[in-house]
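Notes to accompany the following structure.
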Amino acid sequence: MKLTENLHILEILEPNFFGTVLNHNVVFIENAYKNGLVMVDTSLPGNMDLISSFLKKIHYSINDIAYIIVSHYHPDHSGNVNAIKNISGAKVIAHENEEEALNNYMIFKLKYRDVKSVLNTNKKEFYDTVRRINNIKLDPIKIDIKIGREQNLGKLKIINSHGHTRGHISVLYNDILIAGDAINNTMHPMPPFRFFCYNYDEAVTSYHKLIRLKSRIIVPFHGEIFKREDVNNIY
């Protein structure tokens, strides 16, 4: 999907996510930072062929990826970072608070009742999903450009949107907000699921912070892309 002249979105589907299909909106931005191709999040490991095929359609290749912004350490965001970096030498951009988790992958400690209350999954779907995501093995990921305070990188504004994880970040490019998991639109625009949050109260604060930004279009990593004018601050 071509959202603007320089921003492209690859939608990847993750089946068997607590009995549903979860989409991933992987973003590519041309000439936004030092004239290189920027990738925001990389989806789960095993999707390199999909990424490569999509890049060919927009006249690029894996070799052209110069920077990878990792919104946070979860494997559906960081899963292909090392594979891409090994090919293109891309520089990894992430918050300094994600460094420990990117170097020592942490399993998810989820409770069935918490997930069922939101997604209405059954026990088999729940345990199959938890087993699958906790069996993902990732090598340590080195951060080349560490984010602390919010800052501009060329045409990109890196925004701290902590709460889902300790160092979650989002990206503002012109009037397009690439929210990562700080905004979830699988049902309607809302904060990330509580059961996946490091600090839910902080995640809610970050959600409202992002919604109030002067953006025109919001691209969540999961769910439909939507216009800022169509959402109410109250979720």
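Bear in mind these aren't lab numbers, they're just calculated from the coordinates by the rules spelled out. The model shown is predicted, which means the values in this text are computed figures rather than measured ones. When we count neighbours, we look across all protein chains shown, and the Cβ atoms used for this are built from the backbone with ideal geometry, even at glycine.
Remarks
- If you run the Gaussian network model on the chain, springs between alpha carbon atoms under 10 Å, then out of I12, I58, I141 the most flexible one is I58.
- Relative protection proxy for 28-37, 13-22, 218-227, from highest mean packing down: 218-227, 28-37, 13-22 (other beta-carbon atoms within 10 angstrom).
- Ranked from largest, the principal axis spans of the Cα set of segment 1-86 equal 41, 25, 21 Å.
- Highest-MSF residue in the chain out of L172, L156, L50 [GNM, Cα springs under 10 Å]: L50
- Within a Gaussian network of the chain (alpha carbon springs, distance under 10 Å), most fluctuating of A179, A83, A203: A83
- Cα centroid separation - segment 164-235 against segment 106-129, whole Å: 22
- Counting only DSSP H runs of at least 4 residues, each contributing -39500 (n - 2.57), and dividing by the residue count of the chain, the helix-based mean residue ellipticity at 222 nm comes to -7000 deg cm²/dmol.
- The chain: antiparallel DSSP beta bridges as a percent of all, rounded to 5: 65
- Dimensions in Å of the chain - Rg and Dmax from alpha carbons: 16.6, 48
- Packing-based ranking, highest mean first, of 115-127, 64-76 given that Cβ atoms within 10 Å are counted: 64-76, 115-127
- Mean Cβ neighbour count within 10 Å, used as a protection proxy, ranking 157-168, 101-112 highest first: 157-168, 101-112
- When the C-alpha to C-alpha distance is required to be over 31 Å, the pairs from K85/K109; K111/K146; K2/K91; K2/K146; K155/K209 that qualify are K111/K146.
- Cβ charges +1 (Lys, Arg) and -1 (Asp, Glu), total dipole of the chain, debye: 220
- When the Cα gyration tensor is reduced to axis lengths a ≥ b ≥ c, the ratio a/c is 1.5 or higher for segment 116-235, and with a/b not above b/c it is classed as oblate.
- Which of F226, G154, T129, positive extreme of dipole for segment 7-230 (C-beta unit charges): T129
- In the chain, taking the dipole from charged Cβ atoms about the Cα centre, the farthest positive-side position among M190, L172, N104 is held by M190.
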